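Visitor: I'd like to ask some things about the structure below.
What follows draws every value from the coordinates through simple rules; no lab data is involved. Here the structure is a predicted model, which is why all the values come from computation and not from measurement. Ideal geometry is used to build each Cβ from the backbone, glycine not excepted, and the neighbour counts take in all protein chains shown.
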Amino acid sequence: MNGGRATPHRGGDTGWPGVHGKRVLVTGGTRGLGEQIVRLLAAEGARVATCARTARGLDALAASLGSSVFTRPLDVTAPEELEEFVAATGKRFGGLDGVVACAGGSRGGGFEQADAEDWAATWEVNVGHAARLVRAAVPYLRKAGGGSAVVISSISGWKPGPHAQYGVAKSAQIHLAASLARELGPDGIRVNAVSPGSMLIPGRRWDRMRREDPDAFARFVAAEFPGGAPVAPQEVARVVAFLLSDWSSGISGAHLPVDRAQNAPSPDGY
Ligand SMILES: NC(=O)c1ccc[n+]([C@@H]2O[C@H](COP(=O)([O-])OP(=O)(O)OC[C@H]3O[C@@H](n4cnc5c(N)ncnc54)[C@H](OP(=O)(O)O)[C@@H]3O)[C@@H](O)[C@H]2O)c1
């Protein structure tokens with residue numbers, strides 16, 4: 001296992017090193033993008049830990065993935081719960097090679113509806129949790145000789161859109177990744193931000209629109225996606241796996257939109 005500092009490229013690579021044997025903690029792994037990241041990493045031979053608030057979702061995930069996944073119900077906005085889970089994962093796996101801050105979301109409505117608590121809650125679940133996750137993981141990543149941290153932002157953090165409290169928090173995540181990449185670089189720790197476009201997630205808004213109002217969905221796709229379809233969470237998960245792998249050793253402090261050229265958040269919200 002190469003859990004440590006990535007070897008600089010010297011040419012002559014014979015194959016994709018993948019994430020086999022990597023020890024990775026992903027927050028928010030029971031639904032949507034987080035679930036796809038956890039499933040892909042497990043399928044590729046990584047040891048994966050994940051958390052969510054609802055135990056039932058974690059139990060279902062563990063039942064289908066077996067002992068390759070370590071789960072714990074917790075709220076990522078509770079600092080001590082998250083820190084303790086990082087420590088428990090580091091202990092259980094004998095170290096950590098990567099973390100993915102995927103839990104996130106938005107509280108409150110438009111600018112005149114969202115109150116101070118909505119802004120604070122949206123900040124904490126996106127920025128606060130990502131910063132604490134990386135901070136708690138640093139000793140384990142450093143001990144492994146380096147590693148990779150991926151922060152899931154959004155194209156809402158890159159270009160303006162509705163729900164300013166969300167866009168501002170997602171924008172801060174991009175800045176966080178770039179700043180931490182500079183600060184932690186000397187320890188061989190890479191930090192990058194990935195910004196999905198509007199993903200087609202089963203049961204969520206765009207998927208419901210696709211099933212309930214195909215004409216409106218066709219208009220949405222035509223207006224937003226030059227590639228003819230929204231990006232799938234599985235496609236975003238592959239980019240995250242790449243950033244956790246040693247083939248991305250040259251990438252740190254980057255912001256990587258994975259949006260099939262959507263380019264900006266939908267004015268209809270997300
Ligand atoms: N959906 C999109 O189109 C889209 C586009 C761009 C960016 N993103 C970003 O991508 C990430 C994943 O989004 P998604 O839509 O796939 O998410 P989702 O379907 O809402 O799933 C969120 C996951 O995070 C967990 N979670 C949420 N709040 C949590 C908390 N406070 N503590 C612990 N776990 C928590 C959820 O489980 P519990 O509810 O059980 O806690 C679930 O496992 C987010 O950072 C989001 O901002 C999403």
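Visitor: About its Cα centre, what dipole magnitude does region 190-270 give when the only charges are +1 on Lys and Arg Cβ and -1 on Asp and Glu Cβ, stated in debye to the nearest 20?
Guide: For region 190-270, the charge dipole is close to 120 debye.
Visitor: Taking square-rooted eigenvalues a ≥ b ≥ c of the alpha carbon gyration tensor, is region 55-144 rounded, prolate or oblate, where a/c under 1.5 means rounded and, failing that, a/b exceeding b/c means prolate?
Guide: Oblate.
Visitor: To continue, here is another question. With +1 on each Lys and Arg Cβ and -1 on each Asp and Glu Cβ, and nothing else charged, work out how big the dipole of the chain is about its Cα centre, in Debye to the nearest 20.
Guide: Result for the chain is approximately 780 debye, rounded to the nearest 20.
Visitor: Using helices alone, I'd like the mean residue ellipticity at 222 nm for the chain: each DSSP H run of four-plus residues gives -39500 (n - 2.57), total over residue count, nearest 500.
Guide: Dividing the helical sum by the residues of the chain leaves -13000 deg cm²/dmol.
Visitor: Could you derive backbone 3J(HN,Hα) for region 216-233 from the dihedral phi with the Karplus parameters 6.51, -1.76 and 1.60 (θ = phi - 60°), listing whole Hz in sequence and x where the residue is Gly or Pro?
Guide: Listing the rounded values in order: 5, 5, 4, 5, 4, 5, 4, 6, 9, 10, x, x, x, 6, x, 6, 8, x Hz.
Visitor: Run the numbers on the chain and let me know its relative contact order in percent, using alpha-carbon pairs under 8 Å that are six or more apart.
Guide: Relative contact order of the chain: 21 percent.
Visitor: Taking θ as phi - 60°, what are the ³J(HN,Hα) couplings along region 186-200 by the Karplus curve (6.51, -1.76, 1.60), each to the nearest whole Hz, with x for Gly and Pro?
Guide: x, 8, x, 9, 9, 9, 9, 10, 10, 10, x, x, 5, 8, 8
Visitor: Next question. Take every Cα pair under 8 Å in region 61-175 that's 6+ residues apart, average their separations, divide by the length, and report that relative contact order as a whole percent.
Guide: Relative contact order here is 29 percent.
Visitor: Need one word for region 193-270: rounded, prolate or oblate. Basis is the Cα gyration tensor (sqrt eigenvalues a ≥ b ≥ c); a/c below 1.5 gives rounded, then a/b vs b/c decides.
Guide: Prolate.
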